[in-house]
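Note sheet for the following structure.
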Amino acid sequence: MASQDITTVLLDLDGTLLPMDRGSFMESYLKAFAGKCLQIGLPVDRAMRALESGITAMIGNDGSMTNERRFWQAFSEIMQIDMQDHMDRFLDFYRQEFTLIAHETVTDPTAAHMVRFLKDHGYRVVLATTPVFPREGTLERMRWAGLDPSWFDMITTYEDFSFAKPSLGYYRQILERLGIEAAQCLMIGNDVEEDMVVRELGMQVFLVTDHLINRTGVDTSSFEKGSLSEACAYCKKLGRMEVRS
């Protein structure tokens, strides 16, 4: 596929535009979440099981309801209480406690530079982070990465999507909502299973290797790949797109 066919670039966030050690980040995230549960009087052990159940439910979502609804359905089943009264408090978690784990990530100016280059050169840009976080949590992580939401044509969050990575349904939802074909897209991400799966749809890919995730040891020799800086250089080779298809 010729690079001039590309009209849209999908960008993963965690580990790609936002450098992080995923294990360390999740450890701090879960600790902060447990602290929030304790603060609002929920049994912590049960709440942690409910969180795991909710995340699993979103990852396996079948498109019949939003990830938000799927999460709270699964969460409430484990908690055995109506979570409606607590939902606002959990959203506050992403405005308060969640902000304190920014130290688990690194701001790389290359991320903002790459996004701005793509926008300035006529490309549609999608923040294709798996939609298992509410919008507040996604916007907060974008702030850590030095990214302005206005730079993106689409930001995927659990309120609006009904699939999650690595489901191809997630990527099909993006394509359908933007009214584009897979062949017009370049996906840039660090997770072989979750991000590079888009090749099955016909997308071009670039694998960012700074914080590579390759759970099953897939052969990546056929992928365009390299550091975030090299991904930025790869995007610059696309040049200017004068007219969108």
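Screening MET87, MET65 for residues that are touching a Ser or Thr at 6+ places or on another chain (Cβ under 9 Å), surrounded by fewer than 16 Cβ atoms within 10 Å (Cβ to Cβ), in contact (Cβ under 8 Å) with a residue 12 or more places away in the chain and not assigned by TED's automatic domain parsing to the domain that holds ALA164 leaves exactly one candidate, MET65. Candidates are the residues of the range 177-192 that are farther than 21 Å from ALA233 by Cβ and touching a Gly at 6+ places or on another chain (Cβ under 6 Å); the one that is surrounded by the fewest Cβ atoms within 10 Å (Cβ to Cβ) is ALA183. Of the residues making up the range 172-197, those that are under 14 Å from the mean Cα position of the chain (by Cα) and closer than 16 Å to ILE6 by Cα are ILE174, MET187, ILE188. Just one residue in the set GLU194, GLU230 is acidic (Asp, Glu), farther than 28 Å from ASN61 by Cα, touching a strand residue (DSSP E or B) at 6+ places or on another chain (Cβ under 9 Å) and not in a strand (DSSP E or B); that residue is GLU230.
Scan the range 18-29 and tell me whether some residue there is over 18 Å from the mean Cα position of the chain (by Cα), not in a helix (DSSP H, G or I) and not basic (Lys, Arg). No - not one qualifying residue is present in the range 18-29.
With respect to the stated conditions, MET48 is surrounded by fewer than 18 Cβ atoms within 10 Å (Cβ to Cβ) and more than 19 Å from the chain's Cα centre (by Cα). One residue stands out in the range 88-144 among those that are of a type in the set (S, T, N, Q) and touching a strand residue (DSSP E or B) at 6+ places or on another chain (Cβ under 7 Å): the one that is farthest from GLY60 (Cα to Cα), namely THR105. Taking the criterion of being without any contact (Cβ under 8 Å) to a residue 40 or more places away in the chain, part of a helix (DSSP H, G or I) and not hydrophobic (A, V, I, L, M, F, W, C), the residues of the range 30-49 that qualify are LYS31, GLN39, ASP45, ARG46, ARG49. For ILE174, the stated conditions do not hold, so it cannot be described as crowded, with 24+ Cβ neighbours inside 10 Å, among the β-branched types (Val, Ile, Thr) and either at pLDDT 95 or above or more than 23 Å from GLU230 (Cβ to Cβ) (or both).
Being more than 14 Å from VAL126 (Cβ to Cβ) and either at pLDDT 95 or above or outside any loop (DSSP other than H, G, I, E, B) (or both): is that true of ASP219 here? Answer is yes for this residue.
The values are calculated or read from the model by the stated rules, or taken from the named source; none is laboratory data. Since the structure is predicted, the reported quantities are computational estimates derived from the model, not experimental observations. Note: ideal-geometry Cβ built from the backbone for every residue, glycine included; neighbour counts use all protein chains shown.
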